[in-house]
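The next block holds one structure in the form of structure tokens; read it before the comments.
The values are calculated or read from the model by the stated rules, or taken from the named source; none is laboratory data. Keep in mind that what you see is a predicted model, and the values were worked out from it rather than measured. Don't worry about glycine lacking a Cβ; one is built from the backbone with ideal geometry, like all the others, and counts go over all protein chains shown.
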Amino acid sequence: MSAETIQTIIDDLGALLLFTMILIVAASQISRAIYAVAAQSLFIAIAGAVLATATGNVDLWVIAGVTLAVKATLLPWVLHWVVRRMNVRREVEPVIPIAATLVLAVAVVVMSFHLSASLGSVRQAITGNALPVGIALTLTGVLVMATRKTALSQMVGLFASENGIFFTAMAVTQGMPLIIEIGVILDVILAALVMTIMVLRVRSTVDADIAELDRLRG
Amino acid sequence: MTGDRPLGLVLLEMILLVLLGPLVTGAIQKLKARLQCRQGADVLQPYRDLAKLLRKGTVQADTASGFFRSIPVLVLAATVAAGALVPVLRAGPSAFPLGDALMLLGLLALARFLTAVGALDAGGAFGGMGASREMTIAPLVEPVLMMVVFSTALAAGTTELGALAAHRGTSWIFAWSAADFLGFAAMLVLLPAETGRIPVDNPDTHLELTMLHEGMLLEHSGPGLGCMLLASHTRQIVTLGLVAALFFPVGPADGIGAADLLLGAGAFAAKILVLATYLALVESSYAKLRLFRVPQYLGIGFVCALTALALRIL
């Protein structure tokens, strides 16, 4: 495949990633946000496969496969399991209205495009729009984490944020060393595990979500 | 002035749109019924409804002014005029001065305004409520539609729909740029709102809690109601045609023979069928949103359209 084709495909995937991010921000039910983050991971895996065919880098194929298996399948399944297990509060509880979060998300997207345009020569070296899209995904994920009350929605935000970093890393380096990527994936699995246990423990001990844990008791 | 679409073709396309409008509604209703495991009314039922209404007499509220009688005709005229601007059979700029996409959106907005004015004029409570709701939703839908049009127009350098469609060419989704994906996503979010369907509006009920567009039609009767219904059928197919012209390929501009026109007609039917299936699927799988949730739903479309525009400009 030619370089322009690759760039077009990565750009298109970037647009789809932004679309899934918008869905995550706008989702009023936690399960829809989980489906959206799964779709986002699927697009990341596709981007990895595209880059793998472009560069002939076998490591990227492995990474795409692992992303598909772990982030697009396993983690959403775990999140759904936790939602079923907790059995209440299917709705996300935003700190500020979702419409306001959407406006902030737009600001983040526009700013990341605007600011990364000023990077000039650095941006030239990177495939298509991957850098601004990656920055936008990362920051919007942080935005989701900051504006949600329940731990589960914050986890969704964290995964989205992680997806953004992963996408940028993949496009910038045309494939990091395999050991680093595997390490990152393991970190994500571990984080999901710890957070899942934590959420369930907090719930079973004090019957509250983490938003209510705001006072220290001696 | 040279162009690919002579006056005869434009008129033919306009008449075709008006004639096919009720068929699309019928097809969506039939599909919806099948999806819900019902037999459903015949696809031609909207035509029968129209024929029945045209034979009936007119009853008018005492409070309505003389202007009320002319409302249906004006609404239908504005909508049909908007239909003339949509390329159906063949892409390419028109051979004579014809409005562009902004004109189309303006005419649709005019039809909407006249419908609301008519509903208020009759003095009924439901009409006024429907009008107020419609006017609450409209300012959220129309700017987003414009932004989607602009994001496509920026790439083509023109807002004339025929030229836009010609610029899209005959290549399919492979030629889409990143902004097109987001623009199309915004369009998919907006379509149910613009065609008055679930999750924004419910075309099948006359329950006062749920209706937007139907509420405004309550005071009309007989041929007037027929005109209003035909206008809403036409509006729906015009909106679908706008989406098709902006994002899907239209028949090639250089073809002259009847075979090319037939190909264009077949392609148009396929595109409309795909979009109608989408509408039926959405209507069968979602519940109607609470009115106060609608801005949030439309917000998704707004953000998508704005991002598409940002991708084009930055």
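List of remarks:
- Residues (not in a helix (DSSP H, G or I) and not polar (S, T, N, Q)) located in segment B:1-31: B:MET1, B:GLY3, B:ASP4, B:ARG5, B:PRO6
- Some residue of segment B:30-45 being modelled with pLDDT under 95, over 21 Å from the mean Cα position of the chain (by Cα), of a type outside the set (A, V, I, L, M, F, W, C) and within 20 Å of B:GLN236 (Cα to Cα): yes
- Qualifying residue in segment B:270-280 (condition: surrounded by fewer than 16 Cβ atoms within 10 Å (Cβ to Cβ), touching a residue at least 40 places away in the same chain (Cβ under 8 Å), of a type outside the set (A, V, I, L, M, F, W, C) and within 14 Å of chain A (Cβ to nearest Cβ)): no
- Applying the criterion of being assigned to a loop (DSSP other than H, G, I, E, B) and in contact (Cβ under 8 Å) with a residue 40 or more places away in the chain to the residues of segment B:205-236, the residue that is surrounded by the most Cβ atoms within 10 Å (Cβ to Cβ) is B:HIS220.
- A:VAL25 within 13 Å of another protein chain (Cβ to nearest Cβ) and in contact (Cβ under 8 Å) with a residue 24 or more places away in the chain: yes
- Cβ-Cβ distances below 6 Å connect the following pairs, each with a first residue in segment B:297-314 that is more than 7 Å from every other protein chain (Cβ to nearest Cβ), a second residue that is crowded, with 22+ Cβ neighbours inside 10 Å and not aliphatic (A, V, I, L, M), and a separation of six or more residues or different chains: B:ALA308/B:SER151; B:ALA308/B:GLY183; B:LEU309/B:SER151; B:ARG312/B:SER151.
- Note on segment B:53-95: residues that are part of a helix (DSSP H, G or I) and either closer than 23 Å to B:LEU242 by Cα or in contact with a Cys (Cβ under 8 Å, 6 or more places away or on another chain) (or both) total 12.
- Residue in segment B:141-153 that is buried (at least 19 other Cβ atoms within 10 Å of the Cβ) and among the charged types (D, E, K, R) present: no
- Unique residue being out of contact with any Lys or Arg (no Cβ under 7 Å at 6 or more places or on another chain), of a type outside the set (Phe, Trp, Tyr) and away from chain B (no Cβ under 14 Å) when the list is A:LEU68, A:LEU16: A:LEU68
- Any chance A:ILE34 is crowded, with 24+ Cβ neighbours inside 10 Å and more than 14 Å from every other protein chain (Cβ to nearest Cβ): yes
- Single match in B:ALA119, B:ALA91, B:ALA131 (criterion: within 24 Å of B:LEU17 (Cα to Cα), touching a residue at least 12 places away in the same chain (Cβ under 8 Å) and crowded, with 18+ Cβ neighbours inside 10 Å): B:ALA91
- Against the test of being over 15 Å from B:SER232 (Cα atoms) and among the aliphatic types (A, V, I, L, M), the options B:LEU110, B:LEU114, B:LEU105, B:LEU140 yield a single qualifying residue, B:LEU140.
- Check on B:ARG55, of a type in the set (D, E, K, R) and surrounded by 13 or more Cβ atoms within 10 Å (Cβ to Cβ): no
- Consider segment B:32-52 and keep the residues that are of a type in the set (S, T, N, Q) and not in a helix (DSSP H, G or I). The one that is surrounded by the fewest Cβ atoms within 10 Å (Cβ to Cβ) is B:GLN39.
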